[in-house]
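The values are calculated or read from the model by the stated rules, or taken from the named source; none is laboratory data. Source: prediction; values computed, not measured. Cβ: placed from backbone, ideal geometry, glycine included. Neighbour counts: every protein chain shown.
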Amino acid sequence: MTLALDKDRIVGVIGAGSMGAGIAQVAAMAGHPVRLLDAREGAAEQAISGIGLSFARLVGKGKLTAAHSHAAQARLLPASSLAELADSGLVIEAIVEDLAAKQDLLRTLEALLPADCLLASNTSSLSITAIAAVLKTPSRLAGLHFFNPVPSMALVEVISGLASDPQIIDRLQETALAWGKTPVRAPSTPGFIVNRVARPYYGEALRLLNEGATDSATLDAIFREAGGFRMGPFELMDLIGLDINLAVSKSVWSAFFNDPRYAPSPIQQEMVAAGFLGRKSGRGFYRYGQDAELRTPISVPARAMPPKPLIFADGALAKALGERLHERHLPFQAAGSSPDGRVAEAGSAVLYITDGRSASERAARKGVSNTVLVDLALDYGSATRLAIATAEQCSPAAAEAAAGLLQAAGFAVSPLADVPGLAVMRSVCMLANEAADAVYQQVCDARTVDLAMRLGTSYPLGPLAWAEAIGLKQVRRVLSNLAASYGEDRYRVSPLLARKVFSRKSFHA
C-alpha cells in the first residue's frame, strides 16, 4: 500500500506567486483536485490562467496530450477563503518568507483542517521547528521545499522539524515521488541542503566583485564557459531576485549566529535598498527591457603564440593544452613532470594552476617573477574560456606570452586582478567545503548532497564529486591558502574534508 496522498484528495495551495502556481500545476498534473488561494484579489484566477498557457505550450511541444491538459486544467479551481480548503488532504503554504506570517496562517489552518490533513510549508530557509512551535500539534507540520520553476525542477526537499511526525515525512516523500519529483530528506537546519550549500556560489562572486577582480559580465562568462555552470552567479541572482537572494543569505547567516562563512554582501544590500532587484524590476546587475545591455565579458586582445612553448606532463590543463595545440597543428615542446607544479612555460612566463594564494605571493615564494596563474575549469578539454591572474612582479611581455599560448589553444582569456584563488577554483572549493560540513553535521549524506545540488541548482557536478575530481588534498590546500591570505575564519577547512585527506578515503566509499 502506497503512503502517497490519494489522487482523489484535494491539494490546497496558499500563495499564487510563481512558487505556489508551480506547485498547483504539478499537483493538478499528478491527478489531484487543486484549490489555489491568494490574499490578493484575482491573483489565484490569474495564476490558473497562466497555468493554462503553460499547459498549451507543453501540448504544442508534444510533451503533454491535449486530453491530459484539459483534465489537469479542469482540476484547478481558485479559492476565495480558507474555509474552502477545509476538506483538503494536503495544504501547502507558499506565502511570503516571514516567520510571523507563516505562523499566523498555519495556526488558523490547524483549527480549520481535519486531523488527517497533511500540513506543509514551502519555506526556503525558515526553521520548520520554529514555524510549528505555535501549533497545538506541531507534529503535523513538515517542510516541502520545491524549486523554481517548479514544473521543470525535479528536486523537492522534505524537511522535518524537531516535532515532525516521521509518518508524515514518509507520506510527503512518497507524495513527492508520485508527483514525479525526486525528494531528499533533511532536518530543519539553516538553509536545509541546497540553500545552505549554494551560499558560496553567490558569496564568493560578490566578494570578487567587491575586490575589483573584474566585472559581473566577465565573472558570469568565466563560470559558464570555464566552470560549466548553466548560469553565472550574477545573472542567476537577477533571475531569482536580489531581494529574495539577500533574504535567504541573511536568514542563513543569522541562523548560524553570524558565522562569517555566510556573511551577506554590502553590494547586494545596497542594490536591494536602491530597488535594483533584477529582472522583475528591470535592473539588477544587468539592465532589462528597453534599457537592456549587451553583456560582453572582458577578454585579453589577441596575442601572438610564443615560439616553442614548453608543456609539462602533469595535470588536466597540461594534457588539454598539448591536445588542443596538437589538434591545431601548432608546435610545442613536451616535457616530463615539473618539480614545482608548473603547467607550461611560454616565452618568459611560467603558468601554474591557482592554489589559493595570489600570483604575487607565489612568485615571491617560488622566486619566479613571471608567474601567471590559471583558474580551474570543469573540463579543460572543452572549456572555451579561462581566467588568469599575473603577479605584480610579472613583466607585460610575459603576461602577453601566457595569454598568447592559451589563446592559441582555443581559449578566450579573461584577466582577473591578482585575487587569491581566482574565481572558479575558490568557489568550487568553498561549495565542496560547505557540502562536506553539511555531511559532517548530519544534515544528509554525501550522495544526497551531490544529488540535491545537481537537481536543485543544475550544477554540472555535485560539489563532493567535483572535489574528488580536483583532488581532496588540493581542495584542502586551496582553502588553507585562502584562510591564510584573508586571515578569516570564513575559509576554515571542514573537519570531514580534512579527515578524508588524511585517511585518503572517498566521500562516496
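Is one or more of the residues making up region 176-193 polar (S, T, N, Q), in a helix (DSSP H, G or I) and either under 25 Å from Val374 (Cβ atoms) or in contact (Cβ under 8 Å) with a residue 40 or more places away in the chain (or both)? Steps first, please.
Start the filter on region 176-193 by keeping residues that are polar (S, T, N, Q), which leaves 182, 188-189.
With the extra rule that they be in a helix (DSSP H, G or I), the set shrinks to none.
No, region 176-193 contains no residue that is polar (S, T, N, Q), in a helix (DSSP H, G or I) and either under 25 Å from Val374 (Cβ atoms) or in contact (Cβ under 8 Å) with a residue 40 or more places away in the chain (or both).
Quick one: how many residues across region 296-323 are over 26 Å from Lys366 (Cβ atoms) and in the same structural domain as Ser382 (by TED's automatic domain parsing)?
1
Only one residue in Ala66, Ala79, Ala86, Ala71 is without any contact (Cβ under 8 Å) to a residue 24 or more places away in the chain and either of a type in the set (Asp, Glu) or surrounded by 13 or more Cβ atoms within 10 Å (Cβ to Cβ) (or both), so which one is that?
Values: Ala66 fails: either of a type in the set (Asp, Glu) or surrounded by 13 or more Cβ atoms within 10 Å (Cβ to Cβ) (or both); Ala79 fails: without any contact (Cβ under 8 Å) to a residue 24 or more places away in the chain; Ala86 fails: without any contact (Cβ under 8 Å) to a residue 24 or more places away in the chain.
Checking each option against the conditions leaves just Ala71.
Could you list, in sequence order, the residues of region 283-326 that are of a type in the set (Gly, Ala, Ser) and over 21 Å from Leu219 (Cα atoms)?
Here is the first cut: in region 283-326, the ones of a type in the set (Gly, Ala, Ser) are 284, 289, 292, 299, 302, 304, 313, 315-316, 318, 320, 322.
Listed by number, the residues that qualify are Gly289, Ala304, Ala313, Gly315, Ala316, Ala318, Ala320, Gly322.
If only one of Val449, Val478 is within 21 Å of Leu208 (Cα to Cα), in contact with a helix residue (DSSP H, G or I) (Cβ under 6 Å, 6 or more places away or on another chain), buried (at least 17 other Cβ atoms within 10 Å of the Cβ) and not assigned by TED's automatic domain parsing to the domain that holds His145, which one is it? Steps first, please.
Values: Val449 fails: within 21 Å of Leu208 (Cα to Cα).
Going through Val449, Val478 in turn, just one is within 21 Å of Leu208 (Cα to Cα), in contact with a helix residue (DSSP H, G or I) (Cβ under 6 Å, 6 or more places away or on another chain), buried (at least 17 other Cβ atoms within 10 Å of the Cβ) and not assigned by TED's automatic domain parsing to the domain that holds His145: Val478.
Considering Gly367, Gly336, which residue is free of Cβ contacts under 8 Å to residues at least 12 places away in the same chain and of a type in the set (Gly, Ala, Ser)? If you could, list the steps in order and put the result at the bottom.
Numbers: Gly336 fails: free of Cβ contacts under 8 Å to residues at least 12 places away in the same chain.
Exactly one residue qualifies, and that residue is Gly367.
Only one of Arg230, Arg199, Arg261 is of a type in the set (D, E, K, R), modelled with pLDDT of 95 or more and surrounded by fewer than 19 Cβ atoms within 10 Å (Cβ to Cβ). Can you tell me which? Let's see the steps before the verdict.
Details: Arg199 fails: surrounded by fewer than 19 Cβ atoms within 10 Å (Cβ to Cβ); Arg261 fails: surrounded by fewer than 19 Cβ atoms within 10 Å (Cβ to Cβ).
Exactly one residue qualifies, and that residue is Arg230.
Does region 230-249 contain at least one residue that is in contact with a Ser or Thr (Cβ under 8 Å, 6 or more places away or on another chain), outside the structural domain of Ser124 (by TED's automatic domain parsing) and within 20 Å of Leu373 (Cα to Cα)?
no
Please go through region 319-332 and give me each residue that is touching a Leu at 6+ places or on another chain (Cβ under 9 Å) and assigned to a helix (DSSP H, G or I), ordered by number.
Step one: filter region 319-332 for residues touching a Leu at 6+ places or on another chain (Cβ under 9 Å), giving 321, 324-325, 331-332.
Matches in region 319-332: Leu321, Arg324, Leu325.
Where the second residue is modelled with pLDDT of 95 or more and of a type in the set (Ser, Thr, Tyr) and the first is closer than 17 Å to Phe146 by Cα and lies in region 442-467, which pairs have Cβ atoms under 6 Å and are six or more apart or on separate chains?
Met453/Tyr459; Leu455/Thr182
With the condition being within 15 Å of the chain's Cα centre (by Cα), I'd like the helices (runs of 4 or more DSSP H) fully within region 396-485 carrying at least 1 qualifying residues.
Numbers: elements: 396-408, 424-440, 446-457, 463-470.
Result: 424-440, 446-457, 463-470.
Restricting attention to region 1-32, which residues are buried (at least 24 other Cβ atoms within 10 Å of the Cβ) and small (Gly, Ala, Ser)?
Passing the criteria: Gly12, Gly15, Ala16, Gly20, Ala21, Gly22, Ala24, Ala27, Ala28.
Residues to consider are Glu235, Glu157; find the one that is crowded, with 19+ Cβ neighbours inside 10 Å, of a type in the set (Asp, Glu) and not in a helix (DSSP H, G or I). Step through it out loud before you land on a result.
Numbers: Glu235 fails: not in a helix (DSSP H, G or I).
After applying the criteria, what remains is Glu157.
If we scan region 215-222, do we find a residue that is polar (S, T, N, Q), under 25 Å from Thr384 (Cα atoms) and part of a helix (DSSP H, G or I)? Break it down stepwise before answering.
Going residue by residue through region 215-222, those that are polar (S, T, N, Q) are 216, 218.
Narrowing the set further to residues that are under 25 Å from Thr384 (Cα atoms) leaves 216, 218.
Okay, now just the ones that are also part of a helix (DSSP H, G or I), so 216, 218.
Yes: one or more hits.
Name the residue that is farthest from Leu5 (Cα to Cα), counting only residues in region 177-187 that are of a type in the set (Gly, Ala, Ser) and surrounded by fewer than 23 Cβ atoms within 10 Å (Cβ to Cβ). Spell out how you get there, then give the answer.
Looking only at region 177-187, we keep the residues that are of a type in the set (Gly, Ala, Ser), and these are 178, 180, 186.
Cutting the leftovers down to surrounded by fewer than 23 Cβ atoms within 10 Å (Cβ to Cβ) gives us 178, 180.
Values: Ala178: 9, Gly180: 13 Å.
Per the criteria, the residue is Gly180.
Could you look through region 115-125, keep only residues that are at pLDDT 95 or above and out of contact with any Lys or Arg (no Cβ under 9 Å at 6 or more places or on another chain), and pick out the one that is farthest from Ile23 (Cα to Cα)?
Within region 115-125, the match that is farthest from Ile23 (Cα to Cα) is Ala120.
Taking region 289-318 as the search range and keeping residues that are without any contact (Cβ under 8 Å) to a residue 12 or more places away in the chain and in a helix (DSSP H, G or I), which one is nearest to Leu236 (Cα to Cα)?
That would be Gly289.
Considering each residue of region 162-175, count those that are buried (at least 22 other Cβ atoms within 10 Å of the Cβ) and either modelled with pLDDT under 95 or assigned to a loop (DSSP other than H, G, I, E, B) (or both), and give that number. Explain how you work it out, then say what you get.
Within region 162-175, the subset buried (at least 22 other Cβ atoms within 10 Å of the Cβ) is 164, 172, 175.
If we keep only those that are either modelled with pLDDT under 95 or assigned to a loop (DSSP other than H, G, I, E, B) (or both) too, we end up with 164.
Total satisfying the criteria: 1.
Working only within region 370-387, note down all residues that are touching a residue at least 60 places away in the same chain (Cβ under 8 Å) and either more than 29 Å from Leu461 (Cα to Cα) or in contact with a strand residue (DSSP E or B) (Cβ under 9 Å, 6 or more places away or on another chain) (or both). Lay out the reasoning, then the answer.
Looking only at region 370-387, we keep the residues that are touching a residue at least 60 places away in the same chain (Cβ under 8 Å), and these are 375-381, 383-387.
Answer for region 370-387, where residues must be touching a residue at least 60 places away in the same chain (Cβ under 8 Å) and either more than 29 Å from Leu461 (Cα to Cα) or in contact with a strand residue (DSSP E or B) (Cβ under 9 Å, 6 or more places away or on another chain) (or both): Asp375, Leu376, Ala377, Tyr380, Thr384, Arg385, Leu386, Ala387.
Tally time: how many residues in region 325-360 are surrounded by fewer than 21 Cβ atoms within 10 Å (Cβ to Cβ) and closer than 22 Å to Ala213 by Cβ?
Number satisfying all stated conditions: 2.
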